[in-house]
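The values are calculated or read from the model by the stated rules, or taken from the named source; none is laboratory data. Remember, it's a predicted structure, so these values are computed and weren't measured experimentally. All Cβ positions, glycine included, derive from the backbone under ideal geometry; neighbour counts span all protein chains shown. Just so you know, the surface numbers come from the protein's heavy atoms only, side chains and all, with ligands and any DNA or RNA stripped out. Shrake-Rupley method; radii C 1.70, N 1.55, O 1.52, S 1.80 Å.
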Amino acid sequence: MSRTGMPLAISLIVDGYVRLGDREALETLRAHRVEMLESARSIAEMDTSRMIASLKEEIEIIDAGLSRLKACREEQQRASGGPEATPLNDIARGDPHE
């Protein structure tokens, strides 16, 4: 992943949300990027390949942030003696990042 321009900006935003533990903000950010990606794919009158590639990269950065947040939360639960999150719990909740 390149760390210049917009990818750098989105990386800094994601890092901030991860430090704050703001999962909802990350999910909102991701949903917005997915919506923009779907819109870009529907434009036939112009070449949107660069925009699509950038949006995909930003979604990957956001997904990595969600994974980091999940790992931090699981580590905190283990350190406090709380129940460990399991893949079955994640599936039951229907959320791959929870």
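Every residue, every condition in (1) modelled with pLDDT of 80 or more; (2) over 22 Å from Met36 (Cα atoms); (3) polar (S, T, N, Q), yes or no:
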{"position": "Ile52", "(1), (2), (3)": "yes, no, no"}
{"position": "Glu75", "(1), (2), (3)": "yes, yes, no"}
{"position": "Asp90", "(1), (2), (3)": "no, yes, no"}
{"position": "Gly94", "(1), (2), (3)": "no, yes, no"}
{"position": "Glu98", "(1), (2), (3)": "no, yes, no"}
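For first residues located in the range 5-16 and within 16 Å of Ala53 (Cβ to Cβ) and open to solvent by 20 Å² or more (accessible area, probe 1.4 Å), partners that are among the polar types (S, T, N, Q) and part of a helix (DSSP H, G or I) and lie 6+ apart or on another chain with Cβ distances below 7 Å form the pairs Met6/Ser54.
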